[in-house]
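Quick notes on the structure that follows.
Values quoted throughout were computed directly from the atomic coordinates according to the rules given, and no laboratory measurement underlies them. Just so it is clear, the model here is predicted, and its values are computed rather than measured. When we count neighbours, we look across all protein chains shown, and the Cβ atoms used for this are built from the backbone with ideal geometry, even at glycine.
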Amino acid sequence: MASLFDNIKKYKPSNLQEEHDKEQMLQFMELYDDYLERKNEIAHFTASMWTVNKERTKTLMVHHNLYNSWSWVGGHADGMEDLCAVALKELQEETGVKYAKLVSKDIFSLETLTVNGHIRKGIWVPSHLHFNLTYLAEAEECEELIVQEDENSAVQWWTFEDALKVSVESWMIENIYKKLIEKSRKNI
């Protein structure tokens with residue numbers, strides 16, 4: 001199995017954002033050994049799952065407590081190099097979806113995300129970066145959904161158009177979600 005570094009290196013960026021973020025990730029991995037751990041307070045890796053229905057007309061999103069916005073699902077690597085497995089685990093934990101079909105184990109998208117300082121479980125978490133890898137999965141809309149209350153307050157399928165309306169994070173809408181929707185439609 002190829003290393004995380006090798007998988008990122010072979011990834012073909014789809015735009016300027018991805019070109020720059022890919023290089024930033026690779027440089028960071030060469031400088032720091034703890035890039036998979038939250039203890040690195042400058043930056044660390046996370047994984048997200050962009051989950052779509054089979055028709056590629058809807059996406060599954062959670063209402064994220066920290067950001068007070070609808071968003072994709074995802075989480076921290078916490079030492080795991082298999083970020084595809086991390087993303088799949090997060091999808092199951094955050095939504096209850098059990099039978100998602102991974103479209104590919106290849107990276108679907110990559111992005112550097114900023115995280116503002118905040119308090120989590122009574123501890124101050126300083127502002128930092130998430131080097132995020134996104135994977136693509138298909139799921140059935142009829143699966144029973146659950147809410148992971150310590151992180152999210154709702155889980156719902158949205159049409160692509162409505163997903164862009166319910167998120168309140170303008171940077172994510174313009175630079176990430178629109179990109180993911182476009183790539184989803186091309187990847188049928």
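Near Gly79, within a Cβ-to-Cβ distance under 14 Å, what is the net charge of the other residues, with Lys and Arg +1 and Asp and Glu -1? Walk me through the numbers on the way to the answer.
Numbers: positive: Arg38, Lys39, Lys89; negative: Asp33, Asp34, Glu37, Asp78, Glu81, Asp82.
With Lys, Arg at +1 and Asp, Glu at -1, the neighbours total -3.
Please work out the C-alpha center-to-center distance from the range 103-158 to the range 18-93 and express it in whole Å.
For the range 103-158 versus the range 18-93, the Cα centre distance is 6 Å.
By per-residue mean of other Cβ atoms within 10 Å, what is the highest-first order of 73-84, 152-163? If you can, show how the numbers build up before the last one.
Working: 73-84: 19.0, 152-163: 16.2.
Descending mean neighbour count gives 73-84, 152-163.
Whole-Hz Karplus ³J(HN,Hα) for the range 166-175, in order, using 6.51 cos²θ - 1.76 cosθ + 1.60 and θ = phi - 60°, x for Gly and Pro?
Here the 3J(HN,Hα) series is 8, 6, 9, 9, 4, 5, 5, 4, 5, 9 Hz.
Among 61-67, 139-145, 44-50, 34-40, how do they line up from the highest to the lowest mean number of other beta-carbon atoms within 10 Å?
On the way: 61-67: 18.7, 139-145: 12.9, 44-50: 26.3, 34-40: 15.4.
With the highest mean Cβ count within 10 Å placed first, the list reads 44-50, 61-67, 34-40, 139-145.
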